[in-house]
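Written below as structure tokens is the structure these notes are about.
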Amino acid sequence: MVYNPAEDTYFLLDNVKNIKGKVLELGCGSCYVLSNINSDFKVGCDLIKPDSLKDDVEFVLGDCRKAPIREGSFEQIIFNPPYLPSDKIIDIAVDGGKGGVEVALKFLITSLRIVKKPGRIYFILSSLSDYGRVEQFLKKMKIKYTKKQKELFFETLYLYTVNNV
């Protein structure tokens, strides 16, 4: 199932639409975000190929938790992972694992391997998930990050920017 753009998608896009360089989106879904950013080199990776792709977006079919991409290949990596807590991953578009961050952590570990130095990683999490686990992981690894938030009626969205230097 492909995730249709929603508030989290638009929050991510508002903050990355002007990024430059080689950009990879893990779990790109419909490629909505990639299709609307200004970079000249855009690649999406997901388990399911989108129905249609703009001519300026390349696509890699694969498991983003193990992205079949060479180390240090991209200057910017973005992802809006499934982040809803769930006992089982039934809907890969929204179920993020027991704490809601298990998939996000795997994407982040993969991103840290793929991103160039210096480079940036941008990703979304929710107040409904155990986002503190991700912050503990970043602090343990001594990785600097910033966090923006957007309040919604039913949750708070967090946009993390990781500087990989």
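The values are calculated or read from the model by the stated rules, or taken from the named source; none is laboratory data. What you see is a predicted model, and the numbers here were worked out from it, not measured in a lab. Neighbour counts are summed over all protein chains in view; Cβ atoms, including those assigned to glycine, are modelled from backbone coordinates with ideal geometry. Keep in mind that these areas ignore ligands, DNA and RNA; they rest on the heavy atoms of the full protein, side chains included. Shrake-Rupley method; radii C 1.70, N 1.55, O 1.52, S 1.80 Å.
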For this session: Go through (1) part of a loop (DSSP other than H, G, I, E, B); (2) of a type in the set (Lys, Arg); (3) touching a residue at least 24 places away in the same chain (Cβ under 8 Å) and name the single condition Lys54 misses.
Result: (3)
For this session: Being touching a Pro at 6+ places or on another chain (Cβ under 9 Å) and in a loop (DSSP other than H, G, I, E, B) is the filter here, so list the residues in segment 61-77 that pass it.
Result: Gly62
For this session: Enumerate the pairs (first residue in segment 144-165 and surrounded by fewer than 17 Cβ atoms within 10 Å (Cβ to Cβ) and assigned to a strand (DSSP E or B); second residue anywhere and at pLDDT below 95 and of a type in the set (Gly, Ala, Ser)) with beta-carbon separation below 7 Å, excluding pairs fewer than 6 apart on the same chain, so at least 6 apart or on different chains.
Result: Thr156/Ser127
For this session: Please enumerate the residues belonging to segment 51-69 that are touching a Phe, Trp or Tyr at 6+ places or on another chain (Cβ under 7 Å) and open to solvent by less than 40 Å² (accessible area, probe 1.4 Å).
Result: Cys64
Exercise. In this structure, does Lys139 turn out to be open to solvent by 40 Å² or more (accessible area, probe 1.4 Å), part of a strand (DSSP E or B) and at pLDDT 95 or above?
Worked result: no
Exercise. So, in segment 32-44, of the ones that are out of contact with any Leu (no Cβ under 8 Å at 6 or more places or on another chain) and of a type outside the set (S, T, N, Q), which residue ends up surrounded by the fewest Cβ atoms within 10 Å (Cβ to Cβ)?
Worked result: Asp40
For this session: Output the number of residues of segment 78-118 satisfying the condition of being in a strand (DSSP E or B) and modelled with pLDDT under 85.
Result: 5
Exercise. Quick check, is Leu125 open to solvent by less than 20 Å² (accessible area, probe 1.4 Å) and either assigned to a loop (DSSP other than H, G, I, E, B) or in contact (Cβ under 8 Å) with a residue 40 or more places away in the chain (or both)?
Worked result: yes
Problem set entry | Total residues in segment 1-31, condition touching a helix residue (DSSP H, G or I) at 6+ places or on another chain (Cβ under 7 Å) and open to solvent by 80 Å² or more (accessible area, probe 1.4 Å) | 0
For this session: Return only the number of the condition from (1) modelled with pLDDT of 90 or more; (2) open to solvent by 70 Å² or more (accessible area, probe 1.4 Å) that Leu47 does not satisfy.
Result: (1)
